[in-house]
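Here is the structure we will look at, set down as C-alpha cells.
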Amino acid sequence: MAGNVTHRPTNTGCHAIFRQFLADGLTTIFGNPGTVEQGFLDALADFPEMTYILTLQESVALLCADGYARATQKPTVVQLHSSPGIGNGVGALYQAKRGHAPLVVIGGDAGIGYMNMDAQMAADLVAMMEPVTKYATMVLDPRSLLRTLRRAIKIAATPPMGPVYICLPADVMDAVNTETVVPTSLPSTRVRPGDDDIEAAAAMLAGAQRPKIVIGDGVAWSGATSALERLALQIGAEVWIAGGGDLNIATTHPCLMGSTGHMFGSQSLPIFQSADAVLVLGCYLLPEVFPHLGDLFDPAAKVIHFDLNAYEIAKNHRVDLGVVCNPRCALEALEPVLARTMDEGARTRAADRVAAFTARKVEETAAAAKTDAARAAQPHATMEAFAAELAKRMPSDTLVFDESLTSSMPFNRAIPRTEPGSYFFTRGGSLGVGFPGAVGVQMAHPDKLVVGLSGDGGTMYTLQVLYTAKKYNSRTLFVVCNNTRYKLLDLNIEHYWQEHGYTEHALPPSFDLSDPPLGFVEMAKGMGVPGIRITQSAEIPAALDQALATDGPFLIDLVLTEHTEDHTPGCTCGQ
C-alpha cells in the first residue's frame, strides 16, 4: 500500500560493495542475474559509474571476464548466481585458475538465516568453488563485508594471480554497513634476485653451448618481453613457449622455436634433454596432459627458474637455482652481468647460433609461404586464403583472441604478432574460450577491432555470447573455423594409436559434427548478429569487406577442408 512504501536504503552492504569496487577502480562487472542477488543488482542503479555486462550463461560471464582481465592486466569482477550458477561456471573457473586470471567472483546466497533449512538451492558453495579458485570464502558478518572483499581482491591480484570467490548471503548484504571504504592494498612484487643469485645464473649461462629458455605468461604479465628478447640474442638461446596464452615474445623473433606442446611429454622431451643450460621464466614444467614421468633434463645440464610463483619452482623437476622474483627484474639484472662475464669466444658462439636460427627461420618461412600460397589458391575455402585476405584489410591495431587450434598455425603465419597485448590464445584446456574471450578483450579496448577465432565445436559451447556482443555493440569479428569435427581429437587419437602400436581404423563417430549441419549464420541472426557463410576462396574478399564495414559484431562461418596442422612441438601459435 502507498502508505507503507519506503525508499530503498543506501547504507546497506548492497551499496557498500559498489563503493569498494569504485575505490579500487573496478568499474565493470560481467554477470548473469539471479533472485538471491536482487538487492545487490537493485542497488546498481545508484552507481552510474559502474557498468554491468549481461551474459546469458555463467561460463560466458567468466570467459568474457577472463579476456577482459588479460587485456587490462587488472582484477575483474564477475557476478554469479547461487549453487546452480556457480556450478555452471566451474569449468570456466578452472580455465581461469590454470591461466592465473585475477577474477573476483561474487555470488549470492539466500542468507545465513536459512542455512539450517537445507532449502532449495542449498549447498556448500565455498566447498564447490575451492578446487577451482585461489581463495574461496563466505562473509558471515556485515561488519566484515568490505574487509573480506579487500582480502579477496588482494589475493586475486597478487602473483601468482588467480580467481577468488566470495559468497555474499542476502541477509548480510541487506544489513546496514558501517565499514570505512579504503582502497585495497596490493603488495609490490617488483622483486629482483640477490646479487649472488644473479652471478650464479650468469655463470651457468655464460659458457653454455646449447642454452634454452622456456617461457610462460609470467613474462608478459611482468613486462619482461623486451628484456627476454635481448637476453635470448645475447646468449644465443632457443626460446620455447610452455603453455603461454599471451604474447610473451614476438612471433618473428629469430630465437623463437615454437611451443613445447600441450599434450604428450614424449614429444617435448627431446627439447629439454638436448640442452646444457635451461632458463625457465614465468611458467611451470610442463603444462601437458600426458607429461614425461622421468627426468626431464640431461644430468649435466644446469637449470635456473625465475618466477613469482614459488609453488611451481622445482615442483616436478630438479632446479639448480630457483628464485622467487619478478622475471623482468631478474632479466634486467642478469643482462649486464652476462655482458661482463661472457668472454669473446662465448659471445662469438652465441652470435653464430643466432645467425643459424635466423637462417633456419628464413628458410622455414619461405617454405611455409610457398605451401600457404598454394593452399590459398585452391578454389575451396582455406585458412591460408582467409588469413591472407584478412591481413590486407584489417586495421593495424587489430587484436586477436585465438581458439582456432588446428587452424592457428596458418593464421599466425599470415598475421604475425610482435606487440604484447595484441594476441591472446586459449589456455587451461576448456573449449569455448575464443568468442567470449574476444568480447572481453574488445570491451577493454572499445576503440579497436577484435578478431575472435574458434572451432565449430568450441563455438557451440558459448554461442550465447553473440547476444552480449550485440547488446553492447562490441566491434568483434567472430570467425568459426568450421571443419565439421572435433579435429584436435582426431589428431590426438592418431597419436594414441601410434603410441600403442595400434593399426589405424575408423575414428570414433562422436568426433563428427556434420550431421545435422550446424547453421552458425542462422543462429547468429537469431541473436541480432549479421553473418555470412564462406565455402569458396573467391567469396572471402567480399565477405571480409562486408564484415569490416559493419559497425558492431559480425560472424563468418568459414567452412574449411580436411587439411589441418598437428600441434606437435615447434608451432608458434602459443600452445
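The values are calculated or read from the model by the stated rules, or taken from the named source; none is laboratory data. These numbers come from a predicted model, not from an experiment. So basically every Cβ, Gly included, is an ideal-geometry build from the backbone, and we count neighbours across all protein chains shown. Ligands, DNA and RNA are stripped out before the accessible areas are found, and what is left, the full protein with its side chains, is counted by its heavy atoms. Shrake-Rupley method; radii C 1.70, N 1.55, O 1.52, S 1.80 Å.
Sorted by mean Cβ packing within 10 Å, highest first, what order do the peptides 213-226, 392-405 take?
So the order, starting with the most tightly packed, is 213-226, 392-405.
For the range 375-462, what does the alpha-carbon gyration tensor say about shape, rounded, prolate or oblate, given a ≥ b ≥ c as the root eigenvalues, a/c under 1.5 as rounded, and a/b over b/c as prolate?
Because a/c hits 1.5 or more and a/b fails to exceed b/c, the range 375-462 counts as oblate.
With a sphere of radius 13 Å drawn around the Cβ of Val182, what net charge do the other residues whose Cβ falls strictly inside it have (Lys, Arg +1; Asp, Glu -1)? Intermediate values should be presented prior to the final figure.
Details: positive: Arg19, Arg147, Arg150, Arg151, Lys154; negative: Asp24, Glu179.
Neighbourhood net charge equals +3.
Considering amide H positions built from the backbone, and no H for Pro or chain starts, which residues 5 or more places from Glu403, or on another chain, come under 5 Å of its amide H?
So Glu403 has HN proximity to Leu453, Ser454.
Taking θ = phi - 60°, what integer Hz values does the Karplus form 6.51 cos²θ - 1.76 cosθ + 1.60 yield along the range 162-179, in sequence order, with x for Gly and Pro?
x, x, 10, 10, 10, 7, 10, x, 4, 6, 5, 5, 7, 6, 4, 10, 10, 5
Lys and Arg at +1, Asp and Glu at -1: add these up for the other residues within a Cβ distance under 11 Å of Glu522 and post the number.
Neighbour charge sum, excluding Glu522 itself: +1.
For the range 378-559, report the % of Cα-Cα distances exceeding 25 Å.
Counting pairs separated by more than 25 Å, the tail of P(r) holds 32 percent.
What relative contact order, as a whole-number percentage, does the range 195-358 give when Cα pairs under 8 Å and 6 or more residues apart are counted?
Values: 322 pairs, mean separation 49.4, N = 164.
Averaging sequence separation for qualifying contacts and normalising by length gives 30 percent for the range 195-358.
Kindly report, to the nearest 10 Å², the accessible surface of Tyr311 as traced by a 1.4 Å probe over protein heavy atoms only.
Tyr311 has an accessible surface of roughly 150 Å² with all protein chains in place.
Along the positive direction of the dipole of the chain (beta-carbon charges: Lys, Arg +1; Asp, Glu -1; about the Cα centre), which of Ile532, Thr260, Thr398 reaches farthest?
It is Thr398, whose Cα lies furthest towards the positive end.
Using only alpha carbon pairs under 8 Å that are at least six residues apart, calculate the relative contact order of the range 396-543 and give it in whole percent.
Relative CO of the range 396-543 lands at 21 percent.
Indicate, rounded to the nearest 5 percent, the antiparallel portion of the DSSP beta bridges found entirely in the range 467-569.
Here the antiparallel bridges make up roughly 10 percent for the range 467-569.
Placing +1 at every Lys and Arg Cβ and -1 at every Asp and Glu Cβ, with all other atoms neutral, what dipole size does the chain have around its Cα centre, in debye to the nearest 20?
For the chain, the charge dipole is close to 980 debye.
Among Gly99, Asn473, Thr426, whose Cα projects farthest towards the positive end of the dipole of the chain, with charges put on the beta-carbon of Lys, Arg (+1) and Asp, Glu (-1)?
Going by the charge dipole, the pick is Asn473.
Sequence-distant or interchain residues sharing an amide H contact under 5 Å with His305, placed H: which?
Amide H neighbours of His305: Val280, Leu321, Gly322, Val323.
Relative contact order, percent, of the chain when contacts are C-alpha pairs under 8 Å separated by at least 6 residues?
Once divided by the residue count of the chain, the mean separation gives 14 percent.
Using a Förster distance of 45 Å, how high is the FRET efficiency between Ala391 and Ala127, based on the Cβ-Cβ distance and rounded to 0.05?
0.40
Just from its helices, what would the mean residue ellipticity at 222 nm be for the chain, if runs of 4 or more DSSP H residues each count -39500 (n - 2.57) and the sum is divided by every residue, rounded to the nearest 500 deg cm²/dmol?
-12000 deg cm²/dmol
From the phi of every residue in the range 512-525, what ³J(HN,Hα) in whole Hz does the Karplus formula 6.51 cos²θ - 1.76 cosθ + 1.60 yield, where θ is phi - 60° and glycine or proline is x?
My calculation for the range 512-525 gives 8, 10, 8, 9, x, x, 8, x, 5, 5, 5, 5, 4, 4 Hz in order.
Could you give the accessible area per residue of the range 76-196, probe 1.4 Å, as a whole number in Å²?
For the range 76-196, the per-residue accessible area is 44 Å².
For a quick protection proxy, order the peptides 59-72, 266-279 by their average other-Cβ count within 10 Å, most packed first.
Working: 59-72: 29.1, 266-279: 20.4.
By packing density, highest mean first, the sequence is 59-72, 266-279.
What value does the chain have for Rg/Rh, both radii from Cα atoms and Rh as Kirkwood defines it? Intermediate values should be presented prior to the final figure.
On the way: Rg = 25.0 Å, Rh = 25.2 Å.
Rounded to two decimals, Rg over Rh is 0.99.
Around Leu544, with a cut-off of 11 angstrom between Cβ atoms, what is the net charge of the other residues, counting Lys and Arg +1 and Asp and Glu -1?
-1
Only sites in a loop by DSSP and with at most 16 other Cβ atoms within 10 Å count here; which GluC sites (Glu not before Pro) in the range 412-509 make the cut?
For GluC sites (Glu not before Pro) across the range 412-509 that sit outside H, G, I, E and B with at most 16 neighbouring Cβ atoms in 10 Å, the list reads Glu504.
Nearest-5 percent of antiparallel DSSP beta bridges in the chain?
Around 5 percent of the beta bridges assigned by DSSP in the chain are antiparallel ones.
Applying the Karplus parametrisation 6.51 cos²θ - 1.76 cosθ + 1.60 with θ = phi - 60° to the phi angles of the range 527-532, what ³J(HN,Hα) value in whole Hz is obtained for each residue in order, glycine and proline being reported as x?
Per residue, the Karplus-derived 3J(HN,Hα) values read 10, x, 9, x, x, 8 Hz.
Roll a 1.4 angstrom probe over the protein heavy atoms and tell me the percent of accessible area of the chain that is carbon or sulfur. Intermediate values should be presented prior to the final figure.
Details: 12690 of 23130 Å².
Taking all protein chains in place, the chain shows 55 percent carbon and sulfur surface.
If amide H atoms are built 1.01 Å from N in the plane of the peptide, which residues on other chains or at least 5 residues away come under 5 Å of the amide H of Ile29?
Thr51, Tyr52, Ile53
Computed FRET efficiency, Cβ-Cβ of Lys525 and Ala300, R0 45 Å: what is it to the nearest 0.05?
For R0 = 45 Å, the calculated efficiency reads 0.15.
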